[in-house]
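*Asks:* After the structure tokens below, expect a handful of questions from me.
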Amino acid sequence: MKKIFNILILFLFMIILSSCSFIGNFFQPDNNISANTLNYISTIVINSNLKIETETYTLLFGREIVGPYRGTGSAVIIKKDNKKYYILTNYHVIHLSDEHYHRYMVEDIYNNTAQATLVFKDKDYDIAILEFQSDQSLDVLELAEVNPKIGELVFSIGNPLGKNNIITAGSVLNYSKIENENFETDYKVIVHDALIYSGSSGSMLINTNYKIVGLNTWGLGEKVMNDYVRGGATPVEKIRECIEKNNFKIE
């Protein structure tokens, strides 16, 4: 009981110090999260988290007609070149219609906004990369080399609907294929219990070495705690495969 109380105190202290929210499975004995980990995630890792707003528009006699589709999602910075940043997100976050043009705005944790442009999109992997410029010093996260193991501690960081900079902790539960009316995968995705809100598409899944091991793409299982859902993420090996297929250089 004393241990739980101390962890709660630490958790509340971190929320006061940081601009993010942190929710996790802290009461599981296997998930011992150190103060150093909390400090690093809430200061360095969160600095690479971005919110994306996508809007569609049409052109009528050279004039823009905004609408009818709008959407929001998350992204993570994976490359920097001087003042140019490259971000990883989901295809379905940035592509809302085949019949309309799209415009993208990104927002960092300091509430700075910038217009982003598309580098590539890949429907088969549900992955996209965009670029934008910023004078702000933002951090870059590396992609892990291999997929996380079952039982491994992971963290989900993103900007679900109506909320910004949400961080949750959990474990990799298993790997499973997705087969539903909206999307189907020919590969197994990461199923984890780092709880996410509905609308968390494009948010990063990282390991305890602060490297990206997955991209949250699906909400799986029963809803709990109102609109929290269990997460399904595209594994990092598939992310790397997609990046290589589209001739994008990370280094």
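*Asks:* Would you please list the contacts, defined by Cβ atoms under 6 Å and residues six or more apart or on different chains, that run from a residue in region 92-107 that is touching a residue at least 12 places away in the same chain (Cβ under 8 Å) to a residue that is of a type in the set (Gly, Ala, Ser) and not in a strand (DSSP E or B)?
*Replies:* As it stands, the answer is Val93/Ser201; Val93/Gly202, since those pairs meet every condition given.
*Asks:* With the requirement that a residue be within 20 Å of the chain's Cα centre (by Cα), of a type outside the set (Gly, Ala, Ser) and surrounded by fewer than 21 Cβ atoms within 10 Å (Cβ to Cβ), what does region 55-78 give you? Show your work before the answer.
*Replies:* From region 55-78, those within 20 Å of the chain's Cα centre (by Cα) are 55, 70-78; that's our starting set.
Remaining after also requiring of a type outside the set (Gly, Ala, Ser): 55, 70, 72, 76-78.
Glu55, Arg70, Thr72 - these are the residues of region 55-78 that are within 20 Å of the chain's Cα centre (by Cα), of a type outside the set (Gly, Ala, Ser) and surrounded by fewer than 21 Cβ atoms within 10 Å (Cβ to Cβ).
*Asks:* Looking at (1) at pLDDT below 95; (2) surrounded by 15 or more Cβ atoms within 10 Å (Cβ to Cβ), which is the one condition that is false for Gly162?
*Replies:* Only one criterion in (1) at pLDDT below 95; (2) surrounded by 15 or more Cβ atoms within 10 Å (Cβ to Cβ) is unmet by Gly162, namely (2).
*Asks:* Can you name the residue in region 98-146 that is outside any loop (DSSP other than H, G, I, E, B) and among the acidic types (Asp, Glu) and is also farthest from Ser42 (Cα to Cα) among such residues?
*Replies:* Taking region 98-146 as the starting set, the residues that turn out to be outside any loop (DSSP other than H, G, I, E, B) are 101-107, 113-122, 127-133, 143.
Now narrow it down to the ones that are among the acidic types (Asp, Glu): 107, 122, 131.
On the way: Glu107: 17, Asp122: 31, Glu131: 24 Å.
Going through the qualifying residues, I end up with Asp122.
*Asks:* Shifting gears a bit: Could you go through region 90-97 and let me know if any residue there is under 14 Å from the mean Cα position of the chain (by Cα), modelled with pLDDT of 95 or more, in a loop (DSSP other than H, G, I, E, B) and not small (Gly, Ala, Ser).
*Replies:* The answer is yes, given that some residue of region 90-97 is under 14 Å from the mean Cα position of the chain (by Cα), modelled with pLDDT of 95 or more, in a loop (DSSP other than H, G, I, E, B) and not small (Gly, Ala, Ser).
*Asks:* Can you confirm whether region 27-43 contains a residue that is touching a Cys at 6+ places or on another chain (Cβ under 8 Å), at pLDDT below 95, among the small types (Gly, Ala, Ser) and assigned to a helix (DSSP H, G or I)? Before the answer, list the steps.
*Replies:* So the first thing to find is which residues in region 27-43 are touching a Cys at 6+ places or on another chain (Cβ under 8 Å), and the list is 42.
Narrowing further to those that are at pLDDT below 95: 42.
Cutting the leftovers down to among the small types (Gly, Ala, Ser) gives us 42.
Narrowing the set further to residues that are assigned to a helix (DSSP H, G or I) leaves 42.
The answer is yes, given that some residue of region 27-43 is touching a Cys at 6+ places or on another chain (Cβ under 8 Å), at pLDDT below 95, among the small types (Gly, Ala, Ser) and assigned to a helix (DSSP H, G or I).
*Asks:* Out of (1) surrounded by 11 or more Cβ atoms within 10 Å (Cβ to Cβ); (2) aromatic (Phe, Trp, Tyr); (3) farther than 25 Å from Glu251 by Cα, the odd one out for Tyr86 is which?
*Replies:* Checking Tyr86 against (1) surrounded by 11 or more Cβ atoms within 10 Å (Cβ to Cβ); (2) aromatic (Phe, Trp, Tyr); (3) farther than 25 Å from Glu251 by Cα, the one that fails is (3).
*Asks:* Scan region 120-131 and tell me whether some residue there is surrounded by fewer than 21 Cβ atoms within 10 Å (Cβ to Cβ) and farther than 26 Å from Lys245 by Cβ.
*Replies:* Scanning region 120-131 turns up no residue that is surrounded by fewer than 21 Cβ atoms within 10 Å (Cβ to Cβ) and farther than 26 Å from Lys245 by Cβ.
*Asks:* Can you name every residue in region 112-157 that is on the phi > 0 side of the Ramachandran plot and within 15 Å of the chain's Cα centre (by Cα)? Full working, then the answer.
*Replies:* Restricting attention to region 112-157, the residues satisfying the condition of being on the phi > 0 side of the Ramachandran plot are 126, 151.
Selection gives Asp126 alone.
The values are calculated or read from the model by the stated rules, or taken from the named source; none is laboratory data. For clarity, every value in this text was computed on a predicted model and none was experimentally measured. Neighbour counts are summed over all protein chains in view; Cβ atoms, including those assigned to glycine, are modelled from backbone coordinates with ideal geometry.
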